[in-house]
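Structure first, commentary second.
Please treat every number below as a calculation from the coordinates, not as lab data. On a predicted model such as this, the values are computed, not experimentally measured, just so you know. Neighbour counts are summed over all protein chains in view; Cβ atoms, including those assigned to glycine, are modelled from backbone coordinates with ideal geometry.
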Amino acid sequence: MAQFWRHVNIVLTKADLIIEVLDARMIEESRNKEIEYKIIERGKKILYVITKCDLVNLAQIKQAQKTLKPSVFISSTEKLGTTILKKKIMEISHGEKITVGVVGYPNVGKSSLINALSGRSSARTSSESGFTKGMQNVRVNNKILLIDTPGVFTTEDETEYKYVKLGSIDYAKVKDPETAALQLIQEKTDEIKKIYKVTGDDEEEILNQLAILFNKIGKGNKPDLDATSRLLLREWQTGKMKKAYGNKEK
Ligand SMILES: Nc1nc2c(ncn2[C@@H]2O[C@H](COP(=O)(O)OP(=O)(O)OP(=O)(O)O)[C@@H](O)[C@H]2O)c(=O)[nH]1
Ligand SMILES: [Mg+2]
């Protein structure tokens, strides 16, 4: 059994409530149905926490919340929603002491969420996926104890693209950055055109234009598509894509 599944089993035993951390930009895809199944099987409660909400339009989240119950949305970087989340945890525990396990895909924002809730930098965070290696208890107050866990993949066969989008596979380590970048452009065509002010009828053309914009021109004056793709994926993974968008909209 992979090491991370061992951690999940321990946290499922110790915790009364499990927070599944989801990425606001891809709520459904960041749900790990295998963990959810295990939580339900153990008779434990689940609370969905949609994080990185600073990177999306809140109307999208509110729509998703209609079918995702109970759920709370937050931004750890902007410290948004943390009071509501603490209230929700207390509501679930009926005001009693509670141990809460925090699970989710690698790099989704688990440790950052724990720090935002505790108001301290107790759990170490990183843009590097797979950063948290072991479990760590972090006390929020005299009622709430959180357990940070390493990120979990599923045992199902999933595409590299999904992991790239989640940031679980780092942009620098993607085996096929071009395919992933083209897929991202296909999914987010309008946003990418708007953010980077590029035109083009198809994904390839847009990627070529991005190469010029990013100044990634290789030998023989040809666009360096590998470097361009990795840079685009980096912009997505670090949330810079949204920032560029936000700035231009202002
Ligand atoms: N924009 C934005 N970025 C965030 C937010 N929360 C976390 N991040 C970023 O996401 C990356 C991963 O955060 P971590 O908290 O280390 O994620 P993790 O789930 O603990 O990752 P592993 O321990 O590797 O599984 C970091 O670069 C964070 O700065 C958020 O609310 N908004
Ligand atoms: Mg972590």
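A few notes on this one:
- Most mobile listed residue (Lys222, Lys193, Lys143) in the chain, GNM with C-alpha springs under 10 Å: Lys222
- Neighbour-count ranking [beta-carbon atoms within 10 angstrom, fewest first] of Leu210, Leu113, Leu12: Leu12, Leu210, Leu113
- Residue exposure sequence - Ile147, Ile74, Ile61 - by fewest surrounding Cβ within 10 Å: Ile61, Ile147, Ile74
- P(r) of the chain over all Cα-Cα pairs, binned every 5 Å from zero, in whole percent: 1, 6, 13, 17, 18, 15, 11, 8, 6, 3, 1, 1, 0, 0
- Counted charge near Ser129, where neighbours are those whose Cβ lies closer than 10 Å (Asp, Glu -1; Lys, Arg +1): -1
- Residues Val102, Val72 in ascending order of nearby Cβ atoms (within 10 Å, fewest first): Val72, Val102.
- Interchain or long-range residues, amide H under 5 Å from Ile46's placed H: Ile18
- Rounded tilt (10° steps) of 3-14 against the dominant C-alpha axis of the chain: 30 degrees
- Note on Trp5 and Thr154: their simple-model spin labels are 1.4 nm apart, each label 7 Å out from Cα toward Cβ.
- Degrees between helix 177-187 axis and first principal axis of the chain (Cα, 0 to 90, nearest 10): 80 degrees
- Percent breakdown of C-alpha pair distances by 10 Å bin, ordered from the shortest bin, for segment 112-198: 15, 32, 27, 21, 5, 0
- Packing order of peptides 232-240, 196-204, 172-180, highest average first: 232-240, 172-180, 196-204 (average count of other Cβ atoms within 10 Å over each peptide's residues).
- Modelled FRET efficiency - R0 45 Å, Arg42 with Thr179, Cβ distances, 0.05 increments: 0.75
- Extension gain for the segment Thr199 to Lys66, taken as residue separation times 0.36 nm less the Cα-Cα distance, is 44.3 nm to one decimal.
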